[in-house]
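First the structure, in the form of structure tokens, and then the observations on it.
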Amino acid sequence: MRRRRVIVLTGVLLLCIGALGLLAVTADDTVRVEEGEPYPGETLITVQAYGWFGNHNGDVFIVDEDGERTWEYQPENAAVFDGEYLDNGNVMVSYGQRVPNSECPEEYQNTESRSDHCIRNVVEEIDPETNERVWAYTWYDVFVTYHEVHDADRLPNGETVIIDMGKDRTFTVNQEGEVTWEWSAVEHLDEGTEFWEEHVEGTSRESHNYTGPAQDWTHMNDVDRLENGNFLMSIRNFDVLVEVDPETNEVVEVIGEPGDHSTMYEQHDPNYLDEHGHVIVADSENNRVVEYDETMDEVWRYEGPSTSDRLQWPRDADRLPNGNTLIVDSRNFRVIEVDENGDVVWGHDLSSEPRGIVYDADRLGPDRNLSEEPEDVPPGDNLEGRGHSSVVSDTIAFVESWLGFVFPPWFGLPGVVATLGMAGSGIGLLWEGYREYRG
């Protein structure tokens, strides 16, 4: 009898703890901002998709310094990726749009697969005054996932450079929609190429699927034109950045090594500081932003505001003229700005329902006059970062970020623990009641 009383009291205690845990997870879930000076101006943000599991449409919008939206555009049935504010005041946005099979060209229809639609990739220039299209370049692809267009930039000559992960290529188009240059990863990175022989062949990384093409071979996700006229491309699945000379199509420099996850691990959106020869990388799978100098020495790192508040899958990081760094913290559903001391001085939180999987963010400057990658910005040598790596905190942050795709925003890991505790104690009480009845 005494043992049964102890079990019952323990169950009641666990129920109380669980209830308190559920109350605790309803606490405010916002970006914690320290004292400091954010760089002035509005911020252009793209959201890949909204809602749990990313089932809802993405969009692109501009927020002011108080986080209020001053402009918004939402293409239909689309996963939205890159956004760029153009010199003419228009916004260029890159997205993958789901199209029913009946509207797809025959060669792109998914009639024998699990999908009932193909994808139309769109690079679109929008007049923000009317939200009407003023220019676009589109193409189709069979696969719905991992084949969307992730980046496009307007070049000084008026052409547009586009990186296309679905066809493992980078190309430029003019205003008339004519392809003026094209570079193929299959021709320059695959087996038999100089890149392959130097960086892949003969290594101990045979388990990696570096042979292509396949549904998601390179996952090319970013392209930027450097001051020397070359293009810097992010080849995510190879864990490298490659610099390509468009005159010869040769790979003239490789940053990182395939499979060397200590340097980069499935990175996004490098920010190359031409003046200093540094590169800032959103090192996604390592859950950090890291800056390397020209000798590949690490000079700056940021992993999160605190041990308990880590970056999760960052996909964009831009150094601003005052030394601050704007970071897209994708799986924490937010954008944050950290100053030269590593303190969060501005943030925009999308963790309330519906959650938004953020992809890209650009500070537009005081008069919307700041270029996407400003030239005169300080390197990270004299800036203070934040490193918080530990097995426990990393694991907790990782689990909580993925729970954000499954549970409501107020729930989180404490809610799961509390619910399991309440469920366990409830089962225990029911079992003890059953035993009492049977006895």
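The values are calculated or read from the model by the stated rules, or taken from the named source; none is laboratory data. Computed from a prediction, not measured in an experiment: that's the story for all the values here. FYI the Cβ positions are ideal-geometry reconstructions off the backbone, even for glycines, and counts take in every protein chain you see. Quick note on the areas: whole protein, heavy atoms, side chains included, nothing else; ligands and nucleic acids left out. Shrake-Rupley method; radii C 1.70, N 1.55, O 1.52, S 1.80 Å.
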Exercise. Each label point is 7 Å from the Cα along the Cα-to-Cβ direction; what then is the distance between the points at residue 252 and residue 341, in nm?
Worked result: 4.2 nm
Exercise. What's the center-to-center distance, using Cα atoms, between the stretch 64-95 and the stretch 335-384 in Å?
Worked result: 16 Å
Seminar exercise, completed: Surrounding charge for residue 88, neighbours by C-beta under 10 angstrom, Lys/Arg +1, Asp/Glu -1, total -2
For this session: Give the span of the stretch 262-364's Cα atoms along each principal axis, as three whole-Å numbers ordered largest to smallest.
Result: 44, 29, 24
Problem set entry | Rounded accessible area of residue 91 (nearest 10 Å², 1.4 Å probe) | 0 Å²
Exercise. Using the Karplus equation 6.51 cos²θ - 1.76 cosθ + 1.60 (θ = phi - 60°), what ³J(HN,Hα) coupling, rounded to whole Hz, does each residue of the stretch 151-165 give in order, writing x for Gly and Pro?
Worked result: 7, 8, 10, 7, 8, x, 7, x, 7, 10, 9, 10, 9, 10, 5
Seminar exercise, completed: Extension length gain for residue 138 and residue 68 (0.36 nm per residue less Cα distance), in nm, is 22.0 nm
Problem set entry | Efficiency of FRET from Cβ geometry, residue 35 and residue 180, R₀ 30 Å, rounded to 0.05 | 0.05
Seminar exercise, completed: Averaged per residue, the 1.4 Å probe accessible area of the stretch 226-376, protein heavy atoms only, in Å², is roughly 31 Å²
For this session: Could you please put 363, 368 in sequence from largest to smallest accessible area, using a 1.4 Å probe?
Result: 368, 363
Exercise. For the stretch 91-131, what is the per residue volume of the convex hull drawn over the alpha-carbon atoms, in cubic angstrom?
Worked result: 77 Å³
